[in-house]
Amino acid sequence: MANKNKQIKNKSNAVVTAWTNLAKDDSFAGLTLQQYTQMVSAVDTQQGGINDLKAQYTGAAKQRNDMHQKLNDTTLAVVSAVKADLAKYGPDSPLYKTMGYVPKSERASGLIRKTTVTVGPGETTTGTTTNTTTAVPTAATPAAA
C-alpha cells in the first residue's frame, strides 16, 4: 500500500508542478490550483500524523521491551534470593516449587544408560530404550507335504 501511495503522491506533485507552470489560472475537474494544492497539503499533513504515530508506537514498544527485560532480571533475582535463603526456604522449598521451578530433590539426573536389545538369534542393536527384549517372528518352515 505504501508503494501505491508513494506513486499517487509523486503523480500529484507532477500535476501541481505542471498546472502551476502551464495553466495557473485555469480550473480542472471543478477545482482551482489553490483547491487542489490544499488537497495535496491535507494528504501530507495526514501522512505526517501517521509518521508521528509510528514513531510513538516504536518508542512505546521499546519501552515495553525494556520493562519486560527489567522484570525478567528482577524475577530471576527474587528466585535466586529464595534459593539462597537456606535457613528459611532454599532450592527444595515449597515456595521455590510454587514459583514454577523444579526443586533440587525432584530433579532427574539426566543419565541415560545405553542398553542392548535382542532382536533375533545372534543379532543385537544398541539404543536408548529400557531393558526390554523384543521377540522378532522368524519365517515359518514349510510343512512337509
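The values are calculated or read from the model by the stated rules, or taken from the named source; none is laboratory data. Note that this is a predicted model, so its numbers are computed, not measured. Every residue, glycine among them, receives a Cβ derived from its backbone with ideal geometry; neighbour counts consider all protein chains shown.
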Segments classed as helices (runs of 4 or more DSSP H), wholly inside the range 1-115, with at least 3 members that are of a type in the set (A, V, I, L, M) and either surrounded by 10 or more Cβ atoms within 10 Å (Cβ to Cβ) or in contact (Cβ under 8 Å) with a residue 24 or more places away in the chain (or both)
2-22, 33-84
Residues Lys62, Lys6: which one is at pLDDT 95 or above, more than 30 Å from Val102 (Cα to Cα) and basic (Lys, Arg)?
Lys62
May I ask you to verify whether Ala135 is modelled with pLDDT of 85 or more and over 32 Å from the mean Cα position of the chain (by Cα)?
no
